[in-house]
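For reference, the structure discussed in these notes is given below.
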Ligand code: BGC
């Protein structure tokens, strides 16, 4: 270890780090003896015999985000991903360097934090522990890791900056442009006020070093600087309980500013703050819109640092000018109207004459907190061209965009000034080819564009979005073609994390449909659906789907943000709400429900399992305890009545599971999780208390719902699935319970009768109790009701109901005018959890995929199945292929993790890895036989197993 050999490591295609193997070398790096780098090629040759592939360290994140600007947490959590092609490669130590400038970081001058060399394999959730950070601090960081041979690798630089932490940092005032209040009949007439335009010209007299804007709105805003949109996010600053907190966004605008004349502006719309929300109009609530405030307002602060070291702040105040503009209507549910004749060219640029603009009005004072946005911004993700255009009626054109997604369209049209083009959106067509809009209920979902009559005009809305596959266009002066419309897919930019492919084309399409519907509904919050007048963050849907969501995409920051909404929505008596944010409560409807409210415990618990996130648990723990107290206070003995706005096994088919049973099963499940959560937070007493409570519930539950032979008094698929999944069966009756469930499904023709609550649990339980082939038969089923039925009938998304459409009855049992029938509801897509955790068998053992379990179980009728998952510790692959004479498993385990690999055979002599019999390999060990599997203990690496028949 005393050698001072310096090596150069070429990782794949880049010459990206210097490697040294001794403490002297560390010193070398720290002191930045860059000149020696010149000697590297020589040294490289001299030391070839020591070269090891080492670790690559990449994907640096701060609070789950890549290079976030304006964070609120001054002790943020840092993480990175390691890759290596070597087997059994690990990180033995790390060192984090954080500097106040990129230059300092480059010369290893860690003036904010040098963690020192920490002997640890931790690669995520590492809390910054350096100098106390202040508002506006810039932090540049990198990490150095040591592998199993002491070989050092260094990351590229990443950065984060601190936001405005204190009230006193905000010089800006909330501003708006007041307009006449509405006096019409709120139930008869839509009130859709125009967007407000705000602007200010200003002069910068010195050379600019850097500049940032901090901006927010009560409502939605688009920030403009010198004629350009700032950033690429939409629907900022997102939806929160605005009375409790509002988020601001931070933008680096250095490149957009110039010395001399500049102009800044904002377009402001009602959004979630003052627009129509959910079903309020449909059910005629007292209020139908403007749940947080009558009119939107904007706040913004441009902070410029000059090269001479001085700085300046330009903040919103009444010196800003205000006006209305071409956006005449802008509502999330109802749509947008744009009159291009009213455009004022150059309004957001210097030199514009704003003489006829008014002085901005002061907006409302904020009652809650103003904090940095912690979530995942909504963006334009993809552009798609229509695949077909039809003309069901003269002059009415319908474009088919090929899939049912959330977003908007861009139109490219020409015509006479004043020509009005109307766009309507739908998920399905009626038999006569016309657009089906009945399922939108009160969401008008109509956009209008009025031409200015100047050549080809291109337009897309900003403050509305729709859930649709078809768009109907009327009012065109000329026959359009496929290039008239471009679909723009929008969602929170949660990075895709999974791949899945198997020999069944139907199931591959099902997987695509699941993804499409997840993305369509992960729109700042997890909405139930993107099309009708609902789009609420229903907690039941989200808890059921949360693990599926996490397999499919990196939802760490997304759920971090939304769990704050759930926490903010916690009711005074302790229950979590049925949807969050919770803008209103329907009269005579209790705003909590079993299996919905439980999201407040289930989702943080799942995030802990998936990402190893203990901060979320810690933050929510007091609220979780209040929720548990509420549940106990409502209980009868240790059983819960199905109180509240109880939805039961929502949208089940013909089988009724009692609401009481569902409530008690979830109560027990919460209690079990709470015991584990308390343990993790070192709350030993609580852990014991919840453990004891669980045992009591379990006893009462068995007494109330079970027969001695293991059958249930309520003989439904859901009742069995919940009782087994939630650990409510006594040990000696479990197998019988599972057998009853299996029998019931077989008797039902291998089809479901369960709804939202039961379905995913049926799948998980069948695989857990050895009925894997039965689970596969449900997965591959194409007869009604099944996932396959929707796929073979052309679906491109997940439907709200098993019977959203059937061949015999059309849309929803023949009631074509029926309203509650979405074709983009992710809830039934929760089978993704089974696809990854059971079929492909990719699981975490404990928190955060540090220890992995790979237990693939490919079922009857499926010839191959390839799946991958980008975990917080790197990419895991589980591919399985059946050949005539053998089974092939291709497994990839990320660096710095270990895995138990379950090989589906107990005959060791018939299992090879590559060419070597497993018993002879030094790369992993056989740890035993488990049922029909041989279990191996392995480290990182790529493994190819062949299992002979
Ligand atoms: C939503 C559901 C939600 C339910 C409550 C519906 O209108 O679309 O997904 O969970 O209400 O039962």
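Among the residues that make up region 564-571, is at least one of them closer than 16 Å to residue 824 by Cα, modelled with pLDDT of 95 or more and within 17 Å of the chain's Cα centre (by Cα)?
Step one: of region 564-571, the residues closer than 16 Å to residue 824 by Cα are none.
No, that holds for no residue.
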Neighbours by Cβ (under 9 Å, 6+ apart or cross-chain): first from region 54-81, on the phi > 0 side of the Ramachandran plot; second at pLDDT below 95 and assigned to a strand (DSSP E or B): 54/9; 54/11; 54/17; 54/19
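Can you confirm whether residue 843 is more than 16 Å from the ligand (Cβ to nearest atom), farther than 23 Å from residue 791 by Cβ and either at pLDDT below 95 or under 19 Å from the mean Cα position of the chain (by Cα) (or both)? Steps first, answer last, please.
On the way: more than 16 Å from the ligand (Cβ to nearest atom): yes; farther than 23 Å from residue 791 by Cβ: yes; either at pLDDT below 95 or under 19 Å from the mean Cα position of the chain (by Cα) (or both): no.
It is false that residue 843 is more than 16 Å from the ligand (Cβ to nearest atom), farther than 23 Å from residue 791 by Cβ and either at pLDDT below 95 or under 19 Å from the mean Cα position of the chain (by Cα) (or both).
When you scan region 506-529, how many residues do you find that are more than 11 Å from the ligand (Cβ to nearest atom) and touching a helix residue (DSSP H, G or I) at 6+ places or on another chain (Cβ under 9 Å)?
Qualifying residue count for the region: 14.
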Among the candidates 221, 214, residue that is under 15 Å from residue 269 (Cα atoms) and either in a strand (DSSP E or B) or in contact with a helix residue (DSSP H, G or I) (Cβ under 8 Å, 6 or more places away or on another chain) (or both): 221
Note on residue 803: of the conditions (1) within 25 Å of the chain's Cα centre (by Cα); (2) in a loop (DSSP other than H, G, I, E, B); (3) within 16 Å of the ligand (Cβ to nearest atom), unmet is (1)
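Give the residue, chosen from 474, 517, 486, 499, that is surrounded by fewer than 23 Cβ atoms within 10 Å (Cβ to Cβ) and within 30 Å of residue 877 (Cα to Cα).
Values: 474 fails: within 30 Å of residue 877 (Cα to Cα); 517 fails: surrounded by fewer than 23 Cβ atoms within 10 Å (Cβ to Cβ); 486 fails: within 30 Å of residue 877 (Cα to Cα).
Of the residues listed, the single one that is surrounded by fewer than 23 Cβ atoms within 10 Å (Cβ to Cβ) and within 30 Å of residue 877 (Cα to Cα) is 499.
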If you check 588, 666, 584, 647, which single one turns out to be without any contact (Cβ under 8 Å) to a residue 12 or more places away in the chain and either within 16 Å of the ligand (Cβ to nearest atom) or part of a loop (DSSP other than H, G, I, E, B) (or both)? 588
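Mind checking which residues of region 417-454 are surrounded by fewer than 16 Cβ atoms within 10 Å (Cβ to Cβ), in contact with a strand residue (DSSP E or B) (Cβ under 7 Å, 6 or more places away or on another chain) and more than 29 Å from residue 325 (Cα to Cα)?
Within region 417-454, the subset surrounded by fewer than 16 Cβ atoms within 10 Å (Cβ to Cβ) is 417-418, 420, 430-433, 453-454.
With the extra rule that they be in contact with a strand residue (DSSP E or B) (Cβ under 7 Å, 6 or more places away or on another chain), the set shrinks to 418, 420, 430, 432-433.
Matches in region 417-454: 430, 432, 433.
Can you list the strands (runs of 3 or more DSSP E) lying wholly within region 250-340 that have 3 or more residues being farther than 30 Å from residue 531 by Cα and within 16 Å of the ligand (Cβ to nearest atom)?
Numbers: elements: 260-269, 297-306, 311-315, 321-324, 327-331, 335-339.
Ranges flagged: none.
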Residue 403: in a loop (DSSP other than H, G, I, E, B) and either surrounded by fewer than 21 Cβ atoms within 10 Å (Cβ to Cβ) or touching a helix residue (DSSP H, G or I) at 6+ places or on another chain (Cβ under 6 Å) (or both), yes or no? no
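In region 650-663, what residues are in a helix (DSSP H, G or I) and away from the ligand (no atom under 16 Å from the Cβ)?
Initial filter on region 650-663 (in a helix (DSSP H, G or I)): 659-663.
Once the filter is applied, which keeps residues that are in a helix (DSSP H, G or I) and away from the ligand (no atom under 16 Å from the Cβ), region 650-663 yields 660, 661.
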Pick from region 591-602 the residues that are in contact with a helix residue (DSSP H, G or I) (Cβ under 6 Å, 6 or more places away or on another chain) and within 14 Å of the ligand (Cβ to nearest atom): which of them is nearest to residue 244 (Cα to Cα)? 599
Among residues belonging to region 534-551 that are touching a strand residue (DSSP E or B) at 6+ places or on another chain (Cβ under 7 Å) and not in a helix (DSSP H, G or I), point out the one that is farthest from the ligand (Cβ to nearest atom). 537
What residue, of 848, 788, is more than 16 Å from the ligand (Cβ to nearest atom), in contact (Cβ under 8 Å) with a residue 60 or more places away in the chain, on the phi > 0 side of the Ramachandran plot and assigned to a helix (DSSP H, G or I)? 848
Six or more apart or on different chains, Cβ under 6 Å: which pairs go from a residue in region 699-717 that's on the phi > 0 side of the Ramachandran plot to one that's part of a strand (DSSP E or B) and modelled with pLDDT under 95? Could you list them? none
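The values are calculated or read from the model by the stated rules, or taken from the named source; none is laboratory data. Small disclaimer: the values here were computed from a predicted structure and weren't measured. Cβ sites come from the backbone with ideal geometry, for glycine too, and all protein chains shown count toward neighbours.
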